[in-house]
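Let me begin by presenting the structure, written as structure tokens, before commenting on it.
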Amino acid sequence: MAVAELPLTVDRNSPTPLAAQVAAQLRRAILEGTVGAPHHLPSSRRLAADLGVSRGVVVRAYEQLTGEGYLEGHGAEGTRVAVRADVRSPARTTPPRPREEPSHPVIDLTPGRPSDTPFTDRSWRTAWRAALAEPGHVDLPPALGTTRLRAAIAGHLATARGLAVDPEDVIVTAGTSDALQLIVTALRTRSPTPRVLVEDPGYPTARRVLTTAGAQVQTLPVGPDGLRAAQLTTLDPVPDAVLITPSHQYPLGGRMPVQERLALLEWAAEHRVVVLEDDYDSEFRHQRMPLPATASLPSQAEVALLGSFSKTLSPWLRCGYLVVRGAAGELLKETRASLDTPVCGVLQSALAHYIDDGGLARHTARARRAYSHRRALLLDRLANRPELELDALEGGLHAVLRLPARVDAEDVAARALAHGVRVVSLTPYYAHRPSENGLVIGYGAPTDLQLTWALDILLQLLDTTVAPDGRDHP
């Protein structure tokens, strides 16, 4: 195993943090070819001793470059350089000619895809070993979820969302889609075809799942900050439930003001409407602090909080939770008990270990730093273009790029895919109203290098369509 010799120095009089100095010099050495794949880097202890700094300085530098895609962690085998010096091709003066199929691997910027780093996390692997080492079980996991995981989720929500939750009010689910199916199944005991009101634009998968489960889906036009309570007074008939994304409206990205949430709860309590609060990525805020969960506000309304580990960890886990109270909560528990749990017991045990041992909190903090950095890349590339409007960046893992009226977002997405970049337009998020003209850009999964390359391609494509003053090119 070849260990690279690194000619690094640190300047203790510089205002730049030591970890940032180390990361910048390592990044430059990789891009200039001084070190490259498949070189291994010195251990963090050795490099820290060589530089005369704390080990934490080197660990933070390695973590930064791992998140950017320059390095790969391999446990006991150490840290290895992941890219060659020629990873970045010279910028093209004109976009490549469109082709039917991309000639290279696609960089996927579809929204809702987080980083896959949890699966290389030592704490995650330790949690799985602990789960597998537990005494064998011959019974099915409890229908509502294991006691330990329900308690761990309650503790996580207390820390991450300031939400006081009794573990008895937690139902473990196989993600948001499973939670929605469970809710419709429960509501059908009250009405054969329950009506569920959803935001327009909104989450297309939610509309599909609700319909398939047997609900009649109604839509309500909303702006970036979600629905307005005044819109609800005109509804006839009144729905059985209303699904909202108040912390980060999907996909437009705003947040529902507290006064509107309270008015919604007052209306829901008066008409006995169940409020379904999808809290899907509230952990990732980049500017303002998150507002309190609607479920935590004082009200007589029945509120079910839908949560998932798909954004904080990975959708590959298919694990989430419902927080329920009141009569609707009892109905949901009874329905789940009749259907049994869809979540593997070993997964529940491993996830409980991971949360209790602080692994989830540490991972979320690392992911928040990485996503914040990629958000800065988006701003650097796109925010200074007067013909473009970048929005939905207060939190989460995606941004909305609104395009000039004469630029066809669907055409841009198709041409981008031909050049190896997958993005989606706003069109699929709209159900019964005209779509805004724009793209939804997810920045959770790609590395910094991939994101930079993809944004350069998008800008090259847009530069052939619209001039800097917003007019079409001839």
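Residues of segment 191-202 that are part of a loop (DSSP other than H, G, I, E, B) and either crowded, with 22+ Cβ neighbours inside 10 Å or touching an Asp or Glu at 6+ places or on another chain (Cβ under 7 Å) (or both): 191, 194, 201, 202. Scoring residue 247 on the criteria (1) under 15 Å from the mean Cα position of the chain (by Cα); (2) over 30 Å from residue 401 (Cβ atoms) leaves a single failure, condition (2). Reported count of residues in segment 233-254, each being surrounded by fewer than 22 Cβ atoms within 10 Å (Cβ to Cβ) and either among the charged types (D, E, K, R) or over 17 Å from residue 432 (Cα atoms) (or both), is 7. Does residue 400 fit the bill of being surrounded by 18 or more Cβ atoms within 10 Å (Cβ to Cβ), in the same structural domain as residue 446 (by the TED database) and under 26 Å from residue 245 (Cα atoms)? Spelling it out, residue 400 is indeed surrounded by 18 or more Cβ atoms within 10 Å (Cβ to Cβ), in the same structural domain as residue 446 (by the TED database) and under 26 Å from residue 245 (Cα atoms). Comparison of 53, 57 shows that the only residue that is surrounded by 14 or more Cβ atoms within 10 Å (Cβ to Cβ) and either part of a loop (DSSP other than H, G, I, E, B) or basic (Lys, Arg) (or both) is 53. If only residues of segment 346-383 that are open to solvent by 30 Å² or more (accessible area, probe 1.4 Å) and of a type in the set (Gly, Ala, Ser) are counted, the one that is farthest from the chain's Cα centre (by Cα) is 383. Determine whether segment 213-225 contains at least one residue that is open to solvent by less than 10 Å² (accessible area, probe 1.4 Å), over 19 Å from residue 282 (Cα atoms) and assigned to a helix (DSSP H, G or I). Scanning segment 213-225, I find no residue that is open to solvent by less than 10 Å² (accessible area, probe 1.4 Å), over 19 Å from residue 282 (Cα atoms) and assigned to a helix (DSSP H, G or I), so the answer is no. For segment 442-458, a residue qualifies if it is open to solvent by 20 Å² or more (accessible area, probe 1.4 Å) and of a type in the set (Asp, Glu), and exactly one does: 456. Of all residues in segment 414-441, those being acidic (Asp, Glu) and surrounded by 22 or more Cβ atoms within 10 Å (Cβ to Cβ) number 0. Of all residues in segment 70-128, those satisfying the criterion of being modelled with pLDDT under 75, charged (D, E, K, R) and part of a loop (DSSP other than H, G, I, E, B) are 84, 86, 88, 92, 97, 99, 100, 101, 116. Close contacts from segment 143-159, counting a first residue that is at positive phi and touching a residue at least 12 places away in the same chain (Cβ under 8 Å) and a second that is buried (at least 19 other Cβ atoms within 10 Å of the Cβ) and not in a helix (DSSP H, G or I), with Cβ to Cβ under 8 Å and a gap of 6+ residues or different chains, come to 145/170; 145/171; 145/172; 145/321; 145/341; 145/343.
Within segment 315-339, if we keep just the residues that are at pLDDT below 95 and of a type in the set (D, E, K, R), the residue that is farthest from the chain's Cα centre (by Cα) turns out to be 325. Residues in segment 164-181 that are within 15 Å of residue 329 (Cβ to Cβ) and under 20 Å from the mean Cα position of the chain (by Cα): 3 in all.
Does segment 240-252 contain any residue that is assigned to a loop (DSSP other than H, G, I, E, B), within 18 Å of residue 195 (Cβ to Cβ) and modelled with pLDDT of 95 or more? There is at least one residue in segment 240-252 that is assigned to a loop (DSSP other than H, G, I, E, B), within 18 Å of residue 195 (Cβ to Cβ) and modelled with pLDDT of 95 or more. Counting only strands (runs of 3 or more DSSP E) that sit wholly inside segment 265-346, those with at least 1 residues that are closer than 22 Å to residue 230 by Cβ and not polar (S, T, N, Q) are 274-278, 303-308.
The values are calculated or read from the model by the stated rules, or taken from the named source; none is laboratory data. Computed from a predicted structure; not experimentally measured. Backbone-built Cβ (ideal geometry, glycine too); neighbour counts: all protein chains shown. Protein only, heavy atoms only, side chains kept; ligands, DNA and RNA dropped before computing areas. Shrake-Rupley method; radii C 1.70, N 1.55, O 1.52, S 1.80 Å.
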